[in-house]
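Trainee: I have a structure I would like to understand better, so I am pasting it below and will then ask my questions one at a time.
Coordinate-derived values only; no laboratory data. All values reported here derive from a predicted model rather than from experimental measurement. Heads up, the Cβs are rebuilt from the backbone with ideal geometry, glycines too, and the neighbour counts pull from every protein chain shown.
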Amino acid sequence: MRAAVAIFPGSNCDRDMIVALKKITGKSPLKLWHKDTEAPNLDLIVIPGGFSFGDYLRCGALAARSPIIKNIKNHISRGGALLGVCNGFQILIEANILPGSLVRNKKLLFTCRETTLEVQNSLQSPFLSSFNTGDYLNIPVAHNEGNYIANTELLKELENDGRIAFKYKQNSEIETDYNPNGSLHDIAGILSKNGRVLGMMPHPERSINSLHGGTDGLKFLTKSIEEIVG
Amino acid sequence: MKVIVNISLKEGVLDPEGQAIDNTLRNLGFNNFNNIRTGKQIILNIDKVNDNEVLKEADKMCQELLVNTVIENYHINIIKDK
C-alpha cells in the first residue's frame, strides 16, 4: 500500500490521518507538501481536514490552485484512489474534481459532534464496496462550511448514478437535528463518476480508538484500504 | 487605476449571514427593506491604462480564482486614478 497525505499551510488533521493510516497499513504514509510538483506512483492520496490558507477567499479555494493539485489530478487520471475529508472535500470541490458546492452551515454555527451516516446504494467504489446500503457508521463532524448544495439536475444525477456515498441519518427519536449543516438531501459525502474519488465532511480519522468514543472511522478506512489494495 | 470586484451569492443560494443581519436590523426597528444579500469586495491596484485589457484580465482572475461561479455572481468596476 503506497499512501500519501497532502499537507497545506493550515491543514490540522494531517497528523491524525497519518496515525490512522499507519495503524492500518503498519507504515507511515508519505507526506506531500502543497508545493511538491513531483510525486511517486501511489495507491491512495488523502487530503486531510483543517483550515488550508486560513479559509481565505473561500474554503479550499487557494489550496485548490496549489502546485500539488496537478499531481493529484495526474494520480486520479491513472486510476488512483483519492479521499478528501472536511477541508479536503472543500478543496476537491474547488479544484473541480467533485461537483457542487459547500457553503456556510445553515444555522451559522461551527458544528463539532458525532453524526450517524447511512451508506447509500452507491456505484462500485473501493471506499464503499465492503458495506451494504443502509449500513450505519458513527463518525464525527467538525466544520463551518459543510452545507452541500447543487442544482436540481446535479442532485438528480448524483442520486441516479449512485454517487452519494453517505447521508446524515436520524439515529434516535430525540435527535431531530441529525443533519449538522443543512446539506441538500442530507448529503455527507459524494463520489466521482468512477467511484475512486470520495469527498466527505465527517472525519473518520477521529474515530479510530475506543477512547475517541467509537471506531467506525477505523472500520471505514480499513475496509477502504483493503479494497484499494485489492 | 483600481479594479473593484464585487462578489455576491446568487439568488437562491442560502445566505445565512444575510438572514442573521436581516433579523437584527428588524430588531432595531428597520423594516423598510427585504431580501438582504451579503457579499465581498476585492480591490486590485493596476498600473495598466488600457481599460479593455484590464477588464479582460480581471475577468480571467474572477473565472480562475476570485469567484466560485457555481454559487456566486460578480461585477467588475474600473476606477481611474485622478
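Trainee: I'd like to verify a number: residues in region B:31-47 that are assigned to a strand (DSSP E or B) and of a type outside the set (A, V, I, L, M, F, W, C), how many?
Mentor: Step one: filter region B:31-47 for residues assigned to a strand (DSSP E or B), giving B:39-45.
This time we only want the ones that are of a type outside the set (A, V, I, L, M, F, W, C), so: B:39-41, B:45.
Here the count works out to 4.
Trainee: Still on this structure, please answer the following. In region A:103-123, which residues are more than 14 Å from chain B (Cβ to nearest Cβ), touching a residue at least 60 places away in the same chain (Cβ under 8 Å) and within 27 Å of B:VAL70 (Cβ to Cβ)? Talk me through it step by step, then tell me what you get.
Mentor: Pass one, region A:103-123, residues more than 14 Å from chain B (Cβ to nearest Cβ): A:112-123.
Adding the requirement that they be touching a residue at least 60 places away in the same chain (Cβ under 8 Å) leaves A:113-117, A:122-123.
Result: A:THR115, A:LEU117, A:SER122, A:LEU123.
Trainee: Condition check: surrounded by 15 or more Cβ atoms within 10 Å (Cβ to Cβ), touching a Phe, Trp or Tyr at 6+ places or on another chain (Cβ under 9 Å) and on the phi > 0 side of the Ramachandran plot. Does A:ASP186 satisfy that?
Mentor: Numbers: surrounded by 15 or more Cβ atoms within 10 Å (Cβ to Cβ): yes; touching a Phe, Trp or Tyr at 6+ places or on another chain (Cβ under 9 Å): yes; on the phi > 0 side of the Ramachandran plot: yes.
Criteria met by A:ASP186.
Trainee: Could you please find all residues in region B:1-32 being under 25 Å from B:ALA58 (Cα atoms) and surrounded by 11 or more Cβ atoms within 10 Å (Cβ to Cβ)?
Mentor: Step one: list which residues in region B:1-32 are under 25 Å from B:ALA58 (Cα atoms), which gives B:1-11, B:13.
Within region B:1-32, B:MET1, B:LYS2, B:VAL3, B:ILE4, B:VAL5, B:ASN6, B:ILE7, B:SER8, B:LEU9, B:LYS10, B:VAL13 qualify.
Trainee: Name the single residue that is surrounded by the most Cβ atoms within 10 Å (Cβ to Cβ) among those in region A:135-162 being in contact with an Asp or Glu (Cβ under 8 Å, 6 or more places away or on another chain) and closer than 17 Å to A:LEU191 by Cβ.
Mentor: A:ILE139
Trainee: Going through A:ASN194, A:ASN138, A:ASN160, A:ASN144 one at a time, which residue ends up being within 14 Å of another protein chain (Cβ to nearest Cβ) and not small (Gly, Ala, Ser)? Walk me through how you get there before you give the answer.
Mentor: Working: A:ASN194 fails: within 14 Å of another protein chain (Cβ to nearest Cβ); A:ASN138 fails: within 14 Å of another protein chain (Cβ to nearest Cβ); A:ASN160 fails: within 14 Å of another protein chain (Cβ to nearest Cβ).
On inspection, the qualifying residue turns out to be A:ASN144.
Trainee: Then there is this: Here are the criteria: (1) touching a helix residue (DSSP H, G or I) at 6+ places or on another chain (Cβ under 6 Å); (2) under 23 Å from A:ALA4 (Cβ atoms); (3) buried (at least 20 other Cβ atoms within 10 Å of the Cβ). Tell me which single one A:SER129 does not satisfy.
Mentor: The one condition A:SER129 does not meet is (3).
Trainee: Does at least one position in region A:55-66 carry a residue that is farther than 22 Å from B:GLU64 by Cα and crowded, with 23+ Cβ neighbours inside 10 Å? Walk me through it before giving the result.
Mentor: Start the filter on region A:55-66 by keeping residues that are farther than 22 Å from B:GLU64 by Cα, which leaves none.
No; the residues of region A:55-66 include none that is farther than 22 Å from B:GLU64 by Cα and crowded, with 23+ Cβ neighbours inside 10 Å.
Trainee: Being within 30 Å of A:ARG2 (Cα to Cα), more than 10 Å from chain B (Cβ to nearest Cβ) and touching a residue at least 60 places away in the same chain (Cβ under 8 Å): is that true of A:GLY100 here? Give the derivation first.
Mentor: Values: within 30 Å of A:ARG2 (Cα to Cα): yes; more than 10 Å from chain B (Cβ to nearest Cβ): no; touching a residue at least 60 places away in the same chain (Cβ under 8 Å): yes.
Here the answer is no, as A:GLY100 does not meet what is asked.
Trainee: Here's another thing I want to ask about it. So A:ALA6 passes all but one of these: (1) assigned to a loop (DSSP other than H, G, I, E, B); (2) closer than 22 Å to A:GLU145 by Cα. Which condition number does it fail?
Mentor: Among (1) assigned to a loop (DSSP other than H, G, I, E, B); (2) closer than 22 Å to A:GLU145 by Cα, the lone unmet condition for A:ALA6 is (1).
Trainee: Separate question: Can you pull out the residues in region B:56-69 that are more than 8 Å from chain A (Cβ to nearest Cβ) and not in a helix (DSSP H, G or I)?
Mentor: The initial filter retains those residues of region B:56-69 that are more than 8 Å from chain A (Cβ to nearest Cβ), namely B:56-63, B:67, B:69.
Once the filter is applied, which keeps residues that are more than 8 Å from chain A (Cβ to nearest Cβ) and not in a helix (DSSP H, G or I), region B:56-69 yields B:VAL67, B:THR69.
Every residue, every condition in (1) more than 14 Å from chain A (Cβ to nearest Cβ); (2) in contact (Cβ under 8 Å) with a residue 12 or more places away in the chain, yes or no:
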{"residue": "B:ILE7", "(1), (2)": "no, yes"}
{"residue": "B:GLY18", "(1), (2)": "no, yes"}
{"residue": "B:ASN27", "(1), (2)": "yes, no"}
{"residue": "B:PHE30", "(1), (2)": "yes, no"}
{"residue": "B:ILE46", "(1), (2)": "yes, yes"}
{"residue": "B:ILE71", "(1), (2)": "no, yes"}
{"residue": "B:TYR74", "(1), (2)": "no, yes"}
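Trainee: Please determine whether any residue of region A:156-169 is outside any helix (DSSP H, G or I), among the β-branched types (Val, Ile, Thr) and closer than 19 Å to A:CYS86 by Cα.
Mentor: Restricting attention to region A:156-169, the residues satisfying the condition of being outside any helix (DSSP H, G or I) are A:161-169.
Okay, now just the ones that are also among the β-branched types (Val, Ile, Thr), so A:164.
From what is left, the residues that are closer than 19 Å to A:CYS86 by Cα are A:164.
Yes, some residue in region A:156-169 is outside any helix (DSSP H, G or I), among the β-branched types (Val, Ile, Thr) and closer than 19 Å to A:CYS86 by Cα.
Trainee: Now for a different question. Of the conditions (1) surrounded by fewer than 17 Cβ atoms within 10 Å (Cβ to Cβ); (2) within 14 Å of another protein chain (Cβ to nearest Cβ); (3) not hydrophobic (A, V, I, L, M, F, W, C), B:GLU53 clears all except one; give me its number.
Mentor: If we test B:GLU53 against (1) surrounded by fewer than 17 Cβ atoms within 10 Å (Cβ to Cβ); (2) within 14 Å of another protein chain (Cβ to nearest Cβ); (3) not hydrophobic (A, V, I, L, M, F, W, C), just (2) comes out false.
Trainee: Name every residue in region A:204-223 that is among the hydroxyl-bearing types (Ser, Thr, Tyr) and surrounded by fewer than 24 Cβ atoms within 10 Å (Cβ to Cβ), in order of residue number.
Mentor: Just the residues of region A:204-223 that are among the hydroxyl-bearing types (Ser, Thr, Tyr), to begin with: A:207, A:210, A:215, A:222.
Hits for region A:204-223 are A:SER210, A:THR215, A:THR222.
Trainee: Oh, and also: Name the residues in region A:197-211 that are of a type outside the set (Ser, Thr, Tyr) and in contact with a Leu (Cβ under 9 Å, 6 or more places away or on another chain), would you?
Mentor: Initially, region A:197-211 is screened for residues of a type outside the set (Ser, Thr, Tyr), giving A:197-206, A:208-209, A:211.
Residues satisfying the conditions are A:VAL197, A:LEU198, A:GLY199, A:MET200, A:MET201, A:PRO202, A:PRO204, A:GLU205, A:ILE208, A:ASN209.
Trainee: Answer yes if at least one residue in region A:24-33 is surrounded by 20 or more Cβ atoms within 10 Å (Cβ to Cβ), in a strand (DSSP E or B) and away from chain B (no Cβ under 14 Å), and no otherwise.
Mentor: Residues of region A:24-33 surrounded by 20 or more Cβ atoms within 10 Å (Cβ to Cβ): A:29, A:32.
After this cut, where a residue has to be in a strand (DSSP E or B) as well, the list is A:32.
From the residues that got through so far, the ones that are away from chain B (no Cβ under 14 Å) too are A:32.
Within region A:24-33 (the criterion being surrounded by 20 or more Cβ atoms within 10 Å (Cβ to Cβ), in a strand (DSSP E or B) and away from chain B (no Cβ under 14 Å)), the answer is yes, since at least one residue qualifies.
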